[in-house]
Every structure is written in C-alpha cells, then in structure tokens.
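These notes concern the structure reproduced below.
The values are calculated or read from the model by the stated rules, or taken from the named source; none is laboratory data. Predicted model, so just to flag it, every value in this text is computed and none were measured. Ideal geometry is used to build each Cβ from the backbone, glycine not excepted, and the neighbour counts take in all protein chains shown. SASA here: full protein model, heavy atoms, side chains in, ligands and nucleic acids out. Shrake-Rupley method; radii C 1.70, N 1.55, O 1.52, S 1.80 Å.
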Amino acid sequence: MEPVWSIGQATNRIDGTLELGIGYLTPGQKIMLEAFAQDDLGQVWRSFGTYRAEDQGTVDMARTAPEEGTYDGIDANGLLWSMRPVLRSDGAYFMKSSSAPHAVTFRLSSDGVLLGERTVDLHLVSADVRVTEITEPFAGKYFCPEASERGPLPAVLVLGGSAGGLLWSEQMAALLSAHGFAALALAYFDWQGRSGLPNQLAEVPLEAVDRAMRWLQAQPGVDAARAGVMGLSKGSELALLHASLYPQAVRAVVGYSPASHVFEGISIAPVSRRSSWTHEGRPLPYLPYPGGPKSWTPAELAQLRKLHEQALEISTDEELEAARIPAEAMRAPALLITGAYDATWPAAEMAEGVLQTLKKCGYRWEARHEHFPEAGHLIDIPNLPVTAEHGVRAEAAAAAAREAWRDALTFLRRNLA
C-alpha cells in the first residue's frame, strides 16, 4: 500500500504549526522528507530530514525527530525554517517581497525511491481579509478583516526597514490582519523610486507617516482611538519618532531592532551629509557616520555595527541629546525587541537607553525590552527560511522569530484589542 499523507488544512497560516504526517509505512522504515520553496529572486531553497517510522507505521512531524537533516530535535516546523539555498553556501536571504502564499513542496522517498510529493500553500492573508493597494495620497497596502462582531477594529501602521518599499511591512501587516487587526503597510521610500517615492533613505518627511496614520484611523470599521505603530530597524527608528512627535495618534508601539537616536541618512551615491528624516520642512538633528558620507561599499556594509557604535561614541553630549528620539513624549506602551548578535547597530544597548530615559522621566505606560541572547538584527517573519547572520544559529533565529511574533501579538492585543 502506498504511504498516506496528512498535511494540514487549506487555511494553513505561515505563523501556525505545520500539520504533516505520513501513514501506512512499515514499522521501523526509514524515510526521507525534503522540502523545497522558491523565493522571489528565483532561488530554490531546500531542507531535509530522515525519519524512522513508529510501531504504528507513522511519522508525525510533531512527535518525531529526524535522525539526520537540516535541523535537530522535535520541531513540527523544522523543515520550513531550516531551508538553505540549493546553489549557494553563503548567508543568503530568503526574499519574500509580497503577501502571496508561501508555497512549499514536500517530497517523500525511501531507499532512494520517490514515493510521492505534495505542495502546501502557507498563507499570510486570511480568506476574510480585504486587501487594497494604495497609490494616493501615499504608497502602501491595506489589509482589513471583514466586519467584526466585536465592533470597530484596532489598527496598526507597519513600517519596514532600509530595504525599502513594502519588504517586511507588507508581510507583517498581512499577518496582523489575520489576527483581527486592520493593518496598513506603508512604503516611505524605495531604492528604485517607484510610486514617486524618495529613492534614498535621506530627508524622508515624517508627515508621510502622519498622513498614513490619519488615513488608517479614518477607514470604515476602524477604531481611531486604538491605533498602534510597528517598525523594523530604520522603520523602528521611524516608529519611535512618530509616536514621540504625534503622541495623540498612537496607543501602542512595537520596535524590532530599534534605535535610540536619529542617524545620518543613507544614499547610494551621497554628495553630502543629510539627516534620515525631516519634520515641518526641516531636517532632524542626526548622528553622522565617521569618515564622511558613505557609498555603502561591501566593506562599509560589513562594518555597519561599528559605524553606528562610532557615531554614538564620537558625538558630543550636545549632539547626542539633539539627535536623541524624545521617547518620553510618547503616550503609549512600548515593546522593544532585540537580538544580542545584531550586526547592523547596537539595538539592545539603544533599547536599554530608551527604557532608562523613560524610567528617569517617570513614564507611566508599560515599556518593555524583549531581548533574545542568540538572535541577530533580522528577527523575521515566523517560519520562513532564516537568514544566517554571523554568529547566529539557525535554530535560535527561528525560535526568536516565533517568540517575538507571539510577544508582539500579545502586546498589541492587550493594549489595542
């Protein structure tokens, strides 16, 4: 008899637990399961595990550890996050640039004989969510669940990092909507200048974020009094700035790998130093990188953390205070999420600095720092193939992505829902 697959439901979500089992095997039979996925750059990624069938002739991913493979121990999602690029051995990034389903093909074999394969779509967007692409008065994508019996929806504005466009923000907004939030992913700059956006992360007007937040709060079925903001990296810097300069609009803040100060803007071919942001037509004070404007050569990119640490170290007290994000002006609970192996900037130290400032000021809202001692800068979408940052074990990166997402959801539900 051929093996029988049990592989979840049509509504599988990327942040859920994969239900994968094989039945009608011979007790003790050794099988190999491989998983394949293609990223948006066309790279094929693969993971595998070899398993021994139980006495009942079954292999259940939630109960069976691989004897060998790309991950260790019992982990129902191990084949998802442990994928590696087939044609590359370096630390590649799994490019997921949209909220389309994540298609994974599982291949079953035994003794080198192919026994079958199945493909499952892991969804970021739920079937009851309406997706709207926004081109005016800003560029973004809006995810809104159908009308809730519980009344108006809480809302979250999501800001990606220095990759630009809607990378990370679209996927996070989609996942938030699957959990009952109206979520807007905002593109505040784009390296290709698409949608008329700035093509560099320099002197981006904060009013663009305010405009998007006001639009979100004005949408039908949204409770304007229960709106939060979430950001990653430079988007986290931006989220903290927005909550500080527009405190009346924000009721919760989540910052993945945040900054405590405004840093110099990022341009591919800089001709002069500029701030990352402007407000009311004026550049915000910023901390410059040492050694003049950067062209972001591979050598400079490899020294990102050092550049940011030096920018903090060489600045005077007056410069540091001028460029500091005035987080004490916020009127909302804040959750800051960091990894100890952050190679981009010292996010953990900056998050602690923000919390110390809030404590000194008698900040009356919750302010929490969730630190992952084995994670890096990119605490990504849960269960996507993880990026191999220097010094970070794949298992630790995957665990941090899952736990951080659970913490962020719990935090937002508690403070907005």
Only unsatisfied item for Phe189, checking (1) in a loop (DSSP other than H, G, I, E, B); (2) open to solvent by 50 Å² or more (accessible area, probe 1.4 Å), is (2)
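Residue-wise test of (1) in contact with a Cys (Cβ under 7 Å, 6 or more places away or on another chain); (2) surrounded by 20 or more Cβ atoms within 10 Å (Cβ to Cβ); (3) of a type outside the set (A, V, I, L, M); (4) farther than 16 Å from Ala329 by Cα.
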position	(1), (2), (3), (4)
Ala225	no, no, no, yes
Leu240	no, yes, no, no
Ala249	no, yes, no, no
Ser257	no, yes, yes, yes
Ser260	no, yes, yes, no
Ala269	no, no, no, yes
Gly281	no, no, yes, yes
Within segment 39-49, the count of residues that are at pLDDT 95 or above and loosely packed, with under 15 Cβ neighbours inside 10 Å comes to 1
ask   = With respect to Gln219, is the statement that it is open to solvent by 30 Å² or more (accessible area, probe 1.4 Å) and not in a strand (DSSP E or B) true?
value = yes
In segment 377-416, anything loosely packed, with under 15 Cβ neighbours inside 10 Å and more than 25 Å from Ser97 (Cα to Cα) is listed as Gly391, Thr410, Arg413, Arg414
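If I go through segment 192-211 residue by residue, how many of them are in a strand (DSSP E or B) and surrounded by fewer than 18 Cβ atoms within 10 Å (Cβ to Cβ)?
1
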Considering residues that are closer than 19 Å to Met61 by Cβ and free of Cβ contacts under 8 Å to residues at least 12 places away in the same chain, the number found within segment 115-149 is 0
Residue hits (segment 281-322; touching a Phe, Trp or Tyr at 6+ places or on another chain (Cβ under 8 Å) and of a type in the set (Ser, Thr, Tyr)) are Tyr286, Tyr289
Considering residues that are more than 19 Å from Leu238 (Cα to Cα) and of a type in the set (Val, Ile, Thr), the number found within segment 278-314 is 2
The one condition Glu403 fails out of (1) part of a loop (DSSP other than H, G, I, E, B); (2) more than 29 Å from Tyr246 (Cβ to Cβ); (3) not aliphatic (A, V, I, L, M) is (1)
**OP:** Inspect all residues belonging to segment 355-376 and state whether any of them is open to solvent by less than 20 Å² (accessible area, probe 1.4 Å) and within 19 Å of Leu238 (Cβ to Cβ).
**Re:** yes
It is to be established whether one or more residues within segment 77-99 are among the β-branched types (Val, Ile, Thr), surrounded by 18 or more Cβ atoms within 10 Å (Cβ to Cβ) and more than 27 Å from Ala187 (Cα to Cα). no
The condition from (1) open to solvent by 50 Å² or more (accessible area, probe 1.4 Å); (2) assigned to a strand (DSSP E or B); (3) among the charged types (D, E, K, R) that Arg214 misses is numbered (2)
Ser109 being over 15 Å from Ala394 (Cα atoms), polar (S, T, N, Q) and assigned to a strand (DSSP E or B): yes
Scanning segment 115-162 residue by residue, those over 23 Å from Met213 (Cβ atoms) and either surrounded by 11 or more Cβ atoms within 10 Å (Cβ to Cβ) or among the aromatic types (Phe, Trp, Tyr) (or both) turn out to be Leu115, Gly116, Glu117, Arg118, Thr119, Val120, Asp121, Leu122, His123, Ser126, Asp128
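Condition check ((1) in a loop (DSSP other than H, G, I, E, B); (2) surrounded by fewer than 18 Cβ atoms within 10 Å (Cβ to Cβ); (3) in contact (Cβ under 8 Å) with a residue 40 or more places away in the chain) across all residues:
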residue: Tyr289; (1), (2), (3): yes, no, no
residue: Ala299; (1), (2), (3): no, yes, no
residue: Arg305; (1), (2), (3): no, yes, yes
residue: His308; (1), (2), (3): no, no, yes
residue: Glu313; (1), (2), (3): no, yes, no
residue: Glu318; (1), (2), (3): no, yes, no
residue: Ala332; (1), (2), (3): yes, no, yes
A careful count of residues in segment 64-104 that are hydrophobic (A, V, I, L, M, F, W, C) and either assigned to a loop (DSSP other than H, G, I, E, B) or at pLDDT below 95 (or both) gives 10
Expected output for segment 43-63 (first residue over 18 Å from Tyr24 (Cβ atoms) and assigned to a loop (DSSP other than H, G, I, E, B), partner of a type in the set (Lys, Arg) and open to solvent by 40 Å² or more (accessible area, probe 1.4 Å), Cβ below 8 Å, 6+ apart or cross-chain) is Gln43/Arg88
Note on segment 15-38: residues among the β-branched types (Val, Ile, Thr), open to solvent by 50 Å² or more (accessible area, probe 1.4 Å) and over 22 Å from Val125 (Cβ atoms) are Thr26
